[in-house]
Amino acid sequence: MDLLEQCKIIQFDDLGDKRGKLVVVEGNQAIPFEIKRVFYIYDSDEDVVRGQHANRESEFILINVSGKSKVRIDNGFEEVVIELNKPMMGLYIPKMIWKDMYDFSSDSVLLVLASTHYNGKEYIRNYDEYVEEIRGKEA
Ligand code: TYD
């Protein structure tokens with residue numbers, strides 16, 4: 001399946017007015033899952049690469065609520081790099097997509113909404129193992 005049909009860039013509504021901006025993200029409405037977990041990544045140096053895993057169970061939304069970063073998504077067949085640079089922009093990542101986050105600006109705050117509670121056992125951290133598993137499924 002086309003990677004950009006699996007992962008979607010979501011433009012959230014701008015509820016801002018002259019007092020400032022307001023963005024709302026509601027589970028099962030603007031995003032296709034119920035939110036069970038929220039975490040955020042900041043103070044990552046520009047030369048750091050985070051992620052480097054795929055998740056068997058979790059779906060995610062990534063939003064750079066401040067600053068910017070890049071996300072490389074990979075479905076085992078193709079890869080795409082997306083720059084997250086607007087608080088109103090979200091990237092939906094379904095299960096079983098490999099992802100790397102890097103090029104963090106010094107003011108980057110990368111907010112992540114997840115469909116699951118944390119379980120380290122659902123992570124695939126070896127890229128060769130990931131590709132083997134995903135290609136086996138498609139075959
Ligand atoms: P890690 O998965 O390496 O972060 P990233 O994907 O951003 O590179 O997680 C770093 C540490 O935090 C690791 O010890 C696991 C822990 N952690 C939790 O306990 N709960 C969570 O929801 C997440 C994302 C990580």
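No value in this document is a laboratory result; all are computed from the given coordinates. Everything numeric in this text was worked out from a predicted model, so none of it was measured. When we count neighbours, we look across all protein chains shown, and the Cβ atoms used for this are built from the backbone with ideal geometry, even at glycine.
Kindly put PHE39, PHE60 in sequence by how many other C-beta atoms sit within 10 Å of each C-beta, fewest to most.
Ranking PHE39, PHE60 by Cβ neighbours within 10 Å, fewest first, gives PHE39, PHE60.
I'd like the FRET efficiency for ASN28 and LYS8, computed as 1/(1 + (r/R0)^6) with the beta carbon distance as r and R0 of 22 Å, rounded to 0.05.
Computed FRET efficiency for ASN28 and LYS8 comes out at 0.90.
So how do TYR127, TYR118, TYR102 line up by other beta-carbon neighbours within 10 Å, fewest first?
TYR118, TYR127, TYR102
Run the numbers for SER105 and GLU83: contour at 0.36 nm per residue of separation, minus the present Cα-Cα distance, in nm.
Length gained between SER105 and GLU83: 6.8 nm.
Only residues of segment 29-59 count here: report those whose backbone N is under 15 Å from the spot 7 Å along Cα→Cβ of LYS137, or say none.
Counting backbone N atoms under 15 Å from the label point, the list is 53-59.
What does the charge dipole of the chain about its Cα centre add up to, to the nearest 20 debye, if the Cβ of each Lys and Arg holds +1 and the Cβ of each Asp and Glu holds -1?
480
Just name one of VAL81, ILE35, ALA54: the one whose Cα is farthest towards the positive end of the charge dipole of segment 27-83 (beta-carbon charges, Lys/Arg +1, Asp/Glu -1).
It is ILE35, whose Cα lies furthest towards the positive end.
In percent, what relative contact order does the chain have, based on Cα pairs under 8 Å that are 6 or more apart in sequence?
Value for the chain: 33 percent.
Restricting to bridges with both residues inside the chain, how much of the DSSP beta-bridge set is antiparallel, in percent to the nearest 5?
95
Putting +1 on Lys and Arg Cβ atoms and -1 on Asp and Glu Cβ atoms, find which of SER44, TRP98, ASN64 reaches farthest to the positive end of the dipole of segment 38-135.
Looking along the dipole axis, the top candidate is ASN64.
Distance cut-off 24 Å, Cα to Cα: go down the list LYS8/LYS137; LYS70/LYS95; LYS18/LYS70; LYS18/LYS86; LYS68/LYS121 and report the pairs above it.
LYS18/LYS70; LYS68/LYS121
Mind checking which aspartates and glutamates have their Cα closer than 16 Å to the Cα of LYS21? Skip sequence neighbours fewer than 8 apart in that chain.
Within the straight-line limit of under 16 Å, LYS21 reaches these aspartates and glutamates: ASP13.
If r is the Cβ-Cβ distance from SER66 to ARG19 and R0 is 25 Å, what FRET efficiency results, to the nearest 0.05?
Using R0 = 25 Å, I get an efficiency of 0.85.
Based only on other Cβ atoms within 10 Å, what is the fewest-to-most ordering of LEU84, LEU111, LEU15?
LEU15, LEU111, LEU84
Can you tell me the equivalent ellipsoid semi-axes for segment 13-139? Use √(5λ) from the Cα gyration tensor, largest first, whole Å.
For segment 13-139, the semi-axes come out at 27, 17, 13 Å.
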